[in-house]
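The values are calculated or read from the model by the stated rules, or taken from the named source; none is laboratory data. Since this is a predicted model, take the numbers as computed values, not measurements. All Cβ positions, even for glycine, are placed from backbone atoms using ideal geometry, and neighbour counts span all protein chains on display. SASA here: full protein model, heavy atoms, side chains in, ligands and nucleic acids out. Shrake-Rupley method; radii C 1.70, N 1.55, O 1.52, S 1.80 Å.
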Amino acid sequence: MSDHIQIERNGAVQIIRMNRPDKKNALTRAMYATMTRAIVDGDADASVRAHVFFGVPGAFSSGNDLQDFMAFATTGNMGSEVFDFLIALAGARKPLLAGVDGLAIGIGTTIHFHCDLTFATPQSYFRTPFVDLGLVPEAGSSLLGPGLMGHQNAFAFLAMGEGLHAVQAKEAGLVYRLVDTEELESTVLSVASEIAAKPPEAMQISRDLLRMPRESVVERITLEAKHFAERLQSEEARGALMAFLTRKKA
Ligand code: COA
């Protein structure tokens, strides 16, 4: 379990709060494992009717911890925590909501392809620098992205790494509603409670019907993960990771 993830309850809403502000909420293996457990346990608990992801002020998440990526790149040991989290995300049975303030990079962005409602403050910024890091899109985003925003927008976003400011992310369909910073958490929790108050079985079936079939998403996550693991050991990725990790020493 990770102290950098706080699991809270607000009535029938489970809050999964990423809380590693000194690293802008970069996600470690332990953080993924704790979030996976929360989704699985929350889904199994009848008193939980919805999950909500929050970050800290200014940082929803800066993505996977690049130190961890470097460790994978040099040891070849990927561990299963990231993959397990992505499968739990794609397999979640109950509505997923998110409240974003500030940076949403890498998985901090692709998580929203799995969310049913994402709220963001006007200063939020979404970006996936996968290719710049010598990597490939993950979390099923290579399948879900083009479906959501069309091939060309998805190419610019997921392959070229062009960032989206909050208004653009809303136009692209990645964000449901923009909310002022002071009202972010209360708005998300209020809507999550509204969802939680609806008949849960009908809600789950409706949600399932609205989503891309889980099997296709899991299949794509698995294919992406195969390429991702191979790419992590490439010269392109090692060079890009080293450049980030040593940038302040120059
Ligand atoms: N992994 C590990 N550490 C990270 C990180 C990440 N993904 N993102 C930020 N950090 C760390 C920084 O190394 C720094 O640590 P330090 O204070 O010990 O040096 C701290 O968090 C603050 O980051 P900093 O870069 O100083 O803040 P910034 O506001 O100038 O820039 C980012 C923030 C997120 C734009 C920048 O840190 C960044 O580009 N991070 C990498 C994002 C990324 O590529 N994620 C993976 C996507 S697949």
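The table below lists the values:
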{"quantity": "Charged-residue dipole, Cβ positions (Lys, Arg, Asp, Glu), the chain about Cα centre, Debye nearest 20", "calculated": "220 debye"}
{"quantity": "Top of A120, A196, A98 by mean-square fluctuation, Gaussian network on the chain, Cα under 10 Å", "calculated": "A196"}
{"quantity": "DSSP-defined beta bridges in the chain - what % are antiparallel, rounded to 5", "calculated": "30 percent"}
{"quantity": "Solvent-accessible area per residue for the stretch 138-220 (1.4 angstrom probe, square angstrom)", "calculated": "57 Å²"}
{"quantity": "Calculated log₁₀ intensity ratio I(q)/I(0) where the Debye formula runs over C-alpha points of the stretch 3-75, q = 0.13, 0.18, 0.25, 0.28 Å⁻¹", "calculated": "-0.41, -0.71, -1.08, -1.22"}
{"quantity": "Listed residues I111, I39, I195, most fluctuating in the chain (Gaussian network, C-alpha, under 10 Å)", "calculated": "I195"}
{"quantity": "Cα pair distances of the stretch 142-202 binned at 5 Å [whole percent]", "calculated": "4, 15, 19, 16, 13, 16, 12, 4, 0"}
{"quantity": "Under 27 Å, Cα to Cα: Lys pairs in the chain, sequence gap 8 or more or different chains", "calculated": "9"}
{"quantity": "S193 versus A159: modelled label distance in nm, points set 7 Å from Cα along the beta carbon direction", "calculated": "4.6 nm"}
{"quantity": "Estimated distance in nm for a label pair at H151 and D22, the labels positioned 7 Å out from Cα along Cα-to-Cβ", "calculated": "4.7 nm"}
{"quantity": "Candidates N77, N64, N19, ranked by Gaussian network fluctuation over the chain, Cα under 10 Å, top entry", "calculated": "N77"}
{"quantity": "Cα centroid separation - the stretch 1-40 against the stretch 190-204, whole Å", "calculated": "22 Å"}
{"quantity": "Kirkwood-based Rg to Rh ratio, the stretch 5-182, C-alpha trace", "calculated": "0.94"}
